[in-house]
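The values are calculated or read from the model by the stated rules, or taken from the named source; none is laboratory data. Not measured: the values here are computed from a predicted model. Positions of Cβ are generated from backbone atoms using ideal geometry, with glycine treated the same way; all protein chains shown enter the neighbour counts.
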Amino acid sequence: MVKSKSSALGIIFPNHYDPLVPELVNVRMMASIPFASRYRMIDFILSSMSNCGIDNISVMVNNNYHSLMDHLGSGREWDLVRKNGGLNIFPPYSERASKRYNGRISALASLLGFLREQKEPYVVMADSSIAVNFDFNDMIRHHIETGADVSIAYKEEEIPESLRRTLDHSKGFYYTFNIQDGRITKIYVNPTEKGVQNFSMNIYVIDRELLIDMVNTAFVRGQEHFNRDVLLTQLSKLNVQAYKYEGYMARISGIKSYFDENMKLLDDYNLDALFSGAPIYTKIRDDNPTRYIDGAKVSNVMVADGCVIEGEVENSILFRGVQIAKGAKVKNCILMQDTVVESGASIEYLIADKNVKVSAGKEMKGADTFPLFIAKNHTV
Amino acid sequence: MAKEMIAMLLAGGQGSRLYALTQRLAKPAVPFGGKYRIIDFPLSNCVNSGIDTVGILTQYQPLVLNEYIGNGQPWDLDRLYGGVHVLPPYQRATGSDWYKGTANAIYQNLDFIERYDPKYVIILSGDQICKQDYSDFLKFHKEKNAEFSVAVMEVPWEEAPRFGLMVADEDDRITEFQEKPKNPKSNLASMGIYIFNWDILKKYLTEDELDPQSENDFGNNIIPNLLRDNRKMYAYHFSGYWKDVGTISSLWEANMEVLDPEHSGINLFDENWKIYSRNSGMTGHKINAGAVVEDSMITDGCRVAGTVKHSVLFAGVKVEAGAVIEDAVIMGGSEIKAGAIVKHCILAENVVIGENAVVGAMPEGEECGVATVGPGVVIGENAKIGPNAMVDKNVKGGGEQW
């Protein structure tokens, strides 16, 4: 048998928490949201897995997945073009009546045949709504040492207001734990308490055989959610271990948090914390270096390649191929790929999706608490 | 299946006039233009021109180049049939030999070309910065029903004596070749880029190999032999940007020209003719509050807190607050500490310039040297490096080198 480098295979849920950022997922999914000037959200989990030697990765796409397919291609940039394993993209299997995945269970149920065939003893599962440089090997080690059936990573932090304010359950579920001697004794679904809590990162390590059994049973019972319906009810039976993560994490829980998490990276300390570990890979665009032309004035910005800057830019994140004309003013903005700001335009607290054009002389201002959003391909 | 045309890229040159920059790497691997290496230009030209098979002849310090080329994927040259192949000299049953000259390098790899049985072979040089459509060159070659064509550039007559010159009639047929003549009869300089009919190339290389007097060089031997036999030889006029970056000053100058594409003609912002390169994989660059950036090119991984004017920074360069950089080419991973002044110079990869050190100087009168610091060199605090210095060893704090 060909030995796998890793003892685990990976499963990523790229649509998880899409409803939290309706503006950004209009033409894409959580996983393909541009982040940190040249990445997409999925790059972080995918690179982390790849860097840990996990090279058999399934991406359970649900809807709006063209942008992600385009981004991932064959998986070469993440070193995931492998004879054994590699990157697999699983869209919902069209049956007599085409159905989307509802929760993790239906997605995993469609993967059962595949899971049974695999050799790796463990499965790691993650969403793509968090940007982390995560050491899966350390978590797998912890899982084995504690004799866990299931391990869940968490971070001690407050639940973002945007989540707490979501009163109905239409936007998905989030979880906090009670932990006793490392073991999770209670799981709370969509809690609204303030203050620092054991907030789940939705990163799991689980024995593959156990996962197959659990999904099989749950699917037959019509259950949808792995955490809410399966784990929560079996905490006394199963050894569910908590794995504390203390590294840097950006969690996208709304358009405001998207704005804030990008802006946080203008602080070198945060930037180093997220990127100084293993490298984060992304799709290569072969842009030329960014050019600053005479008259450009920039201060506290993160800029990707391929930009041409002649105007003023302050406290902003520019993605690849952005053009800022002479006399244009950009302050506290996130401008995605190929945004054009024409001469004399002035924008503040604004998120421009890809290919947006701000015409000459236009002025637009959002606020610190409420950044403006301009949808993809729009001209202002 | 036969290929119409394959490329042979001469990349064995030591580039000895680049001194400190080429101690440990071949000239085609020298970094250029913020995120490229020189060899990215001919390789990208090949793939943009529809050539999918490239043999790279290496000899001098090939490690960096080999690793950089890898399987050719960044240039889309990882192909099932063809693709990019690095061809160092190798041992045969009859013995082994280094490449004795440009012609001999190709001669030793005739078997490689034979595998693809091409109609035409284009010979490229790995030390020029040039965006050129080789398919247009091939069209010319075919239209003229030529057996050999050479790409030429018109140069000012006063500079003509520095070049190999092609004398051609009004139909562009070559009648004479002059190598660096005192009295030039032409101002058409050879760019060292040739298209041969495969049978002609094979015949003349084989013949040349049997001549013990030959230097096995295209310019000195093969072209004169073709002329002697009155072969159908034509000169293809190229008028775009072309620069041989064989010297420190021309390398520095070409980098500065990248900053001014409107006038210099070397535009890297060309969606229709992209130059591909192996990616650094670093995050976007950061310009801090208080930093000054004017008229410069900056790429991924850079952190700028100081002042950068009219300069090219490669991936991962760090410029601390209070440092001043002007008219400089700073290659990947170098660090400029607080208060250092770096002007009119080339710093190779992973150089460290200590606090308040001074490297190079803006031209003054006759004095216009480009100070050069070799890869990995550490310049200590308060050290002074003069404008003509070529530094390949660490300089202690407070030390001087002129």
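The rows are residues; the columns are (1) more than 13 Å from chain A (Cβ to nearest Cβ); (2) touching a Phe, Trp or Tyr at 6+ places or on another chain (Cβ under 9 Å); (3) part of a strand (DSSP E or B).
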{"residue": "B:Arg278", "(1), (2), (3)": "no, yes, no"}
{"residue": "B:Thr283", "(1), (2), (3)": "no, yes, no"}
{"residue": "B:Lys343", "(1), (2), (3)": "yes, no, yes"}
{"residue": "B:Asn350", "(1), (2), (3)": "yes, no, no"}
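Within the stretch B:52-66, which residues are under 19 Å from B:Lys274 (Cβ atoms) and surrounded by fewer than 24 Cβ atoms within 10 Å (Cβ to Cβ)? Before you say what the answer is, go through the steps one by one.
In the first step, residues of the stretch B:52-66 are kept if they are under 19 Å from B:Lys274 (Cβ atoms); the result is B:52, B:54.
Across the stretch B:52-66, the qualifying residue is only B:Asp52.
Taking A:Ile280 as meeting all but one of (1) touching a Gly at 6+ places or on another chain (Cβ under 9 Å); (2) assigned to a loop (DSSP other than H, G, I, E, B); (3) farther than 30 Å from A:Met49 by Cβ, write down the number of the exception.
(3)
Going residue by residue through the stretch B:67-86, is there one that turns out to be assigned to a strand (DSSP E or B), under 18 Å from the mean Cα position of the chain (by Cα) and crowded, with 22+ Cβ neighbours inside 10 Å?
Within the stretch B:67-86 (the criterion being assigned to a strand (DSSP E or B), under 18 Å from the mean Cα position of the chain (by Cα) and crowded, with 22+ Cβ neighbours inside 10 Å), the answer is yes, since at least one residue qualifies.
Considering only residues that are part of a loop (DSSP other than H, G, I, E, B) and within 18 Å of A:Ser7 (Cβ to Cβ), which ones fall in the stretch A:39-73? Spell out how you get there, then give the answer.
Restricting attention to the stretch A:39-73, the residues satisfying the condition of being part of a loop (DSSP other than H, G, I, E, B) are A:41, A:52-55, A:60-65, A:73.
Passing the criteria: A:Cys52, A:Gly53, A:Ile54, A:Asp55.
Across the stretch B:292-306, which residue is surrounded by the most Cβ atoms within 10 Å (Cβ to Cβ) among those that are more than 7 Å from chain A (Cβ to nearest Cβ) and either in contact (Cβ under 8 Å) with a residue 24 or more places away in the chain or among the small types (Gly, Ala, Ser) (or both)?
B:Gly306
Of the numbered conditions (1) within 14 Å of another protein chain (Cβ to nearest Cβ); (2) outside any strand (DSSP E or B); (3) in contact (Cβ under 8 Å) with a residue 60 or more places away in the chain, A:Lys354 fails exactly one; give the number of that condition.
Unmet condition: (1).
Out of (1) crowded, with 17+ Cβ neighbours inside 10 Å; (2) within 11 Å of chain A (Cβ to nearest Cβ); (3) assigned to a helix (DSSP H, G or I), what's the single condition that is false for B:Lys202?
The number of the failed condition is (2).
Between A:Gly254, A:Gly222, which is more than 14 Å from chain B (Cβ to nearest Cβ), crowded, with 21+ Cβ neighbours inside 10 Å and at pLDDT below 95? Walk me through how you get there before you give the answer.
Numbers: A:Gly222 fails: crowded, with 21+ Cβ neighbours inside 10 Å.
The unique qualifying residue is A:Gly254.
Kindly establish whether B:Asn48 is within 14 Å of chain A (Cβ to nearest Cβ), closer than 24 Å to B:Ile195 by Cβ and more than 14 Å from the chain's Cα centre (by Cα). Break it down stepwise before answering.
Working: within 14 Å of chain A (Cβ to nearest Cβ): yes; closer than 24 Å to B:Ile195 by Cβ: yes; more than 14 Å from the chain's Cα centre (by Cα): yes.
Yes; evaluated as a whole, the condition is true for this residue.
Given the conditions (1) more than 23 Å from B:Lys27 (Cα to Cα); (2) assigned to a loop (DSSP other than H, G, I, E, B); (3) more than 8 Å from every other protein chain (Cβ to nearest Cβ), and given that B:Gly316 satisfies all but one, which numbered condition is not satisfied?
(1)
So, B:Leu124, is that one touching a residue at least 24 places away in the same chain (Cβ under 8 Å), buried (at least 20 other Cβ atoms within 10 Å of the Cβ) and assigned to a loop (DSSP other than H, G, I, E, B) or not?
Details: touching a residue at least 24 places away in the same chain (Cβ under 8 Å): yes; buried (at least 20 other Cβ atoms within 10 Å of the Cβ): yes; assigned to a loop (DSSP other than H, G, I, E, B): no.
Against the criterion (touching a residue at least 24 places away in the same chain (Cβ under 8 Å), buried (at least 20 other Cβ atoms within 10 Å of the Cβ) and assigned to a loop (DSSP other than H, G, I, E, B)), B:Leu124 does not qualify.
Could you check A:Gly295 against (1) more than 9 Å from chain B (Cβ to nearest Cβ); (2) at positive phi; (3) surrounded by fewer than 22 Cβ atoms within 10 Å (Cβ to Cβ) and say which number it fails?
Unmet for A:Gly295, out of (1) more than 9 Å from chain B (Cβ to nearest Cβ); (2) at positive phi; (3) surrounded by fewer than 22 Cβ atoms within 10 Å (Cβ to Cβ): (1).
Taking the stretch A:212-228, which residues are closer than 26 Å to A:Ser48 by Cα, within 23 Å of the chain's Cα centre (by Cα) and either outside any loop (DSSP other than H, G, I, E, B) or of a type in the set (Gly, Ala, Ser) (or both)?
Once the filter is applied, which keeps residues that are closer than 26 Å to A:Ser48 by Cα, within 23 Å of the chain's Cα centre (by Cα) and either outside any loop (DSSP other than H, G, I, E, B) or of a type in the set (Gly, Ala, Ser) (or both), the stretch A:212-228 yields A:Phe226, A:Asn227.
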